[in-house]
Structure formats: structure tokens, C-alpha cells
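Trainee: Quick one: structure below, then a few questions.
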Ligand SMILES: [Zn+2]
Ligand SMILES: [Zn+2]
């Protein structure tokens, strides 16, 4: 399993000199499975860069959306494969009868917000709004969980050849109202995963002003990683105001936190170009690739 980050920012793209190190594009993660399948989590602005790589072949693509907020759909009209004749793309979001994310993803290409109409694309795009049923038929194990986020959304855990990763973005571990998924349920969902990608948008000082906005505090995410005994944690969906220097500090704080908890958890700050090679559990590698080399 190869996991590559193409967009790591939350809320809105934030390019510029203060975010150049970790990247300013919004949510998009590519997972290449051993079986050759291509999964894409979210279609934020990072998916444009991923598209440049994906158009080099004609393999089918599966796009799993967490939800339909702008920072998770806005790159879609600029995703090269949708303009490839006959390219098979499956887009998956929603439980039966509630496909809001799919609707907003496609309706942004209405000829008004964007010059090309979603119905004019030459690729073979299929959509599915019955995630649960669809995921059961995939040749790798995929489990879904409800996010604690305004408007709702989905977290996913995938497993192939004994290697597991969880993608949990836009999730508030300690929301003010009754949670869709409790903290203890998250611990079980993430238990022993090889790689946990989790929303870590806020710091303690952002609260209580942003309590209920649907994102987690970095320290809560670190605690979850320890409680669930994950192997590696990637802090993701950075606040658009979070400068590179602050994220460098978070990296140091996190390493110290895990050390003081006698934990062997590998902790990482999500960055564009960061790639995890989890193809063999005993030989997992982490590498950072300059996107210019892609
Ligand atoms: Zn978001
Ligand atoms: Zn959101």
C-alpha cells in the first residue's frame, strides 16, 4: 500500500511563502493498493496535481469523498482524468438517500461556476450513494464510520494484505453535542492501524471559540493515537493560518509527547509529496518526495 499526500490544508487553499514547506493545497490523498487499484480520498485542490500523474495511464479510479465541503471538492473540475475519453472513474459518497456531497461535487460544473458541464465529460464516470453496500464488494476490506462534523461525513479504514490505514478528516473528537461516533468508538476504529491520517486543525488556544466547528485539537489526536496504539500518525487538514514554522514546532512537540509516553508511534506532519510505503509491514518506509520530481 502506497499512500501519497497531494493536499493537506483544511478550509481553503493557502499557498504562499509561509506554507511552502508543507503545502497549501486542500485535501487529497492517493492510495495505491498492492492489487493495483487506485483510491483517492477527497477532491480538494491537491487533486489537480494528482491528475497530472494519473493521466499517464488509463487505470480505473475510485474517488471516496469524506463530505462535500468546498475544501474536499474544489479540485475536481481540474482533475485531468475526467477529460480522458472512456476513463473509468467511480465516485462514492453517502448513505442511501443522502448523497449531498455527490450533488455538490457535480453541480459545481454547471456551465456557470465552471465553463464545462459535468454532463459533457468524455470519461465514464459512475456515482454511488450507497457506500455501505458498495464497499462490501471491493476486493479489499473497507469500513466506514460517521464523522463528528457539521453536515456529517465519512471516515474510512482500509485493509489489504494485513496492512491497515484510516482516513479521518474533518472530525471533532470531543464535540459539544452528542457525537455521531464517540471517542471510545474512534479508539476501536483506529485500533492497531499501521497509518492513521487524522484531522489536526486546531491548537488549544483556538478553543473555546471553535468548539463545534468539526475539527480536532492536535493534542486530542495524539492521545487517540496512543489509546488506539496505532503505528504511525499523520496530522492532517492544517488550518490555513498555520505557518510552516508552527508546524515544525508541532512536529517537535509530538515527538516529545510520544517519547514521554514511552510510545514507538511514528508521528508526521502531513505535507504535499509525503509518501508512505506500507507494502510490507516489516519493511515500511516513509519518504518525502519533492512534487517537482513527480
Ligand atoms: Zn475540510
Ligand atoms: Zn468540512
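The values are calculated or read from the model by the stated rules, or taken from the named source; none is laboratory data. Just so we're clear, the structure is a prediction, and the values are computed from it rather than from any experiment. Because the Cβ atoms are built from the backbone with ideal geometry, glycine has one as well, and the counts that use them run over all protein chains shown.
Trainee: Name the pairs whose Cβ atoms lie under 6 Å apart, with the first residue in the stretch 137-153 and under 16 Å from residue 65 (Cα atoms), the second away from ligand 1 (no atom under 13 Å from the Cβ) and modelled with pLDDT under 90, and 6 or more positions between them or separate chains?
Mentor: Every condition considered, the pairs that remain are 142/135; 144/131.
Trainee: Go through 20, 13 for me and flag whichever is within 16 Å of ligand 1 (Cβ to nearest atom) and surrounded by fewer than 24 Cβ atoms within 10 Å (Cβ to Cβ).
Mentor: Going through 20, 13 in turn, just one is within 16 Å of ligand 1 (Cβ to nearest atom) and surrounded by fewer than 24 Cβ atoms within 10 Å (Cβ to Cβ): 13.
Trainee: Take the residues in the stretch 117-145 that are at pLDDT 95 or above and either within 16 Å of ligand 1 (Cβ to nearest atom) or in a loop (DSSP other than H, G, I, E, B) (or both), then tell me which one is surrounded by the fewest Cβ atoms within 10 Å (Cβ to Cβ).
Mentor: If we take residues in the stretch 117-145 being at pLDDT 95 or above and either within 16 Å of ligand 1 (Cβ to nearest atom) or in a loop (DSSP other than H, G, I, E, B) (or both), then 122 is surrounded by the fewest Cβ atoms within 10 Å (Cβ to Cβ).
Trainee: Can you tell me which residue is nearest to ligand 2 (Cβ to nearest atom) among those in the stretch 34-56 that are part of a loop (DSSP other than H, G, I, E, B) and surrounded by fewer than 20 Cβ atoms within 10 Å (Cβ to Cβ)?
Mentor: Initially, the stretch 34-56 is screened for residues part of a loop (DSSP other than H, G, I, E, B), giving 34-37, 42-46, 55-56.
Of the ones still in play, those that are also surrounded by fewer than 20 Cβ atoms within 10 Å (Cβ to Cβ) are 34-37, 55-56.
Values: 34: 31, 35: 30, 36: 31, 37: 26, 55: 28, 56: 31 Å.
Within the stretch 34-56, the match that is nearest to ligand 2 (Cβ to nearest atom) is 37.
Trainee: Can you tell me which residue among 262, 256 is within 27 Å of residue 278 (Cα to Cα), in a loop (DSSP other than H, G, I, E, B) and without any contact (Cβ under 8 Å) to a residue 24 or more places away in the chain?
Mentor: On inspection, the qualifying residue turns out to be 262.
Trainee: While we're here: Could you list, in sequence order, the residues of the stretch 64-96 that are more than 16 Å from ligand 2 (Cβ to nearest atom), under 13 Å from residue 129 (Cβ atoms) and buried (at least 18 other Cβ atoms within 10 Å of the Cβ)?
Mentor: 91, 92
Trainee: Confirm whether residue 188 is in contact with a strand residue (DSSP E or B) (Cβ under 8 Å, 6 or more places away or on another chain) and loosely packed, with under 14 Cβ neighbours inside 10 Å.
Mentor: On the way: in contact with a strand residue (DSSP E or B) (Cβ under 8 Å, 6 or more places away or on another chain): no; loosely packed, with under 14 Cβ neighbours inside 10 Å: yes.
It is false that residue 188 is in contact with a strand residue (DSSP E or B) (Cβ under 8 Å, 6 or more places away or on another chain) and loosely packed, with under 14 Cβ neighbours inside 10 Å.
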